[in-house]
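Q: Pasting a structure below so you can have a look.
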Amino acid sequence: MNIKTDYIPISTKGFTDIIDITHEVADSIKKSEIKNGTVTVFVSGSTAGITTIEYEPGLLKDLPEAFEKLAPQNKRYFHDDTWHDGNGFSHVRAAMLGCSLTVPFKDSRLLLGTWQQIVVIDFDNRSRRREVVVQIMGE
C-alpha cells in the first residue's frame, strides 16, 4: 500500500463560489504513479466544503439558491454574536456539506459518473486562498 499527498491551491470569491477541481485531482493521481486505490480530497477550514455535482450552468445557480434557503445569509447566527465576523451562515453551510470526499480510481482514472465532477464550494463572506489536500492511497 502506497500513500501520496498532494495539494491544490485555489482562489475563491466566497459566497457559495463553486470551483471544479476534477482535472487537478486526476492530475494528482497520475503524478502519484499509484494505479488503483482511493483518493481523499479534503478542504481545510470551516467555511468551505467538497462534493460532486454535474458542473453545468443550471446547477451553478440551483445549488447556491438551495443553500440560501437552508442557511440564509440575512438570518441571525449565534456565531456572529461571538466573533462579529458575519459568516455564521458560512459555517452552517460548510458543516452541512462536509469537508472531504473519497473517490475510487482504477488504472489511474477516477471512477466518476459521466456528468460527475468534484467541486469545492467556498461559503465564506469574502474571497479566500485555500489549499485542497489530495491524499492518494493504493497500489
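The values are calculated or read from the model by the stated rules, or taken from the named source; none is laboratory data. Just so we're clear, the structure is a prediction, and the values are computed from it rather than from any experiment. Note that we place each Cβ from the backbone using ideal geometry, even for glycine, and neighbour counts take in every protein chain shown.
Q: What is the residue count in segment 61-97 for residues that are more than 21 Å from F42 (Cα to Cα), within 18 Å of the chain's Cα centre (by Cα) and β-branched (V, I, T)?
A: 0
Q: Sticking with this one: Select from segment 1-43 the residues that are among the acidic types (D, E) and within 26 Å of R128 (Cα to Cα) and list them in ascending order.
A: Result: D6, D17, D20, E24, D27.
Q: Moving to a separate point now. For residues in segment 30-71 being small (G, A, S) and within 28 Å of S108 (Cα to Cα), which is surrounded by the most Cβ atoms within 10 Å (Cβ to Cβ)?
A: A48
Q: Output the residues belonging to segment 83-105 that are in a loop (DSSP other than H, G, I, E, B) and in contact with a helix residue (DSSP H, G or I) (Cβ under 9 Å, 6 or more places away or on another chain).
A: Answer for segment 83-105, where residues must be in a loop (DSSP other than H, G, I, E, B) and in contact with a helix residue (DSSP H, G or I) (Cβ under 9 Å, 6 or more places away or on another chain): D85, G86, N87.
Q: State all residues of segment 10-42 that are β-branched (V, I, T), outside any helix (DSSP H, G or I) and closer than 19 Å to C99 by Cα; if no residue qualifies, say none.
A: Listed by number, the residues that qualify are I10, T12, T16, I18, I19, I21, T38, V39, T40, V41.
Q: Pick out the one residue from I136, I118 that is part of a strand (DSSP E or B) and over 15 Å from the mean Cα position of the chain (by Cα).
A: Of the residues listed, the single one that is part of a strand (DSSP E or B) and over 15 Å from the mean Cα position of the chain (by Cα) is I136.
Q: Could I ask something else about it? Could you check segment 43-74 and list, in sequence order, the residues that are aliphatic (A, V, I, L, M) and under 15 Å from M96 (Cα atoms)?
A: Hits for segment 43-74 are V43, A48, I50, L63, A66, L70, A71.
Q: Ok, one more. Could you pull out the residue among G113, G58 that is in a helix (DSSP H, G or I), modelled with pLDDT of 95 or more and more than 12 Å from the chain's Cα centre (by Cα)?
A: G58
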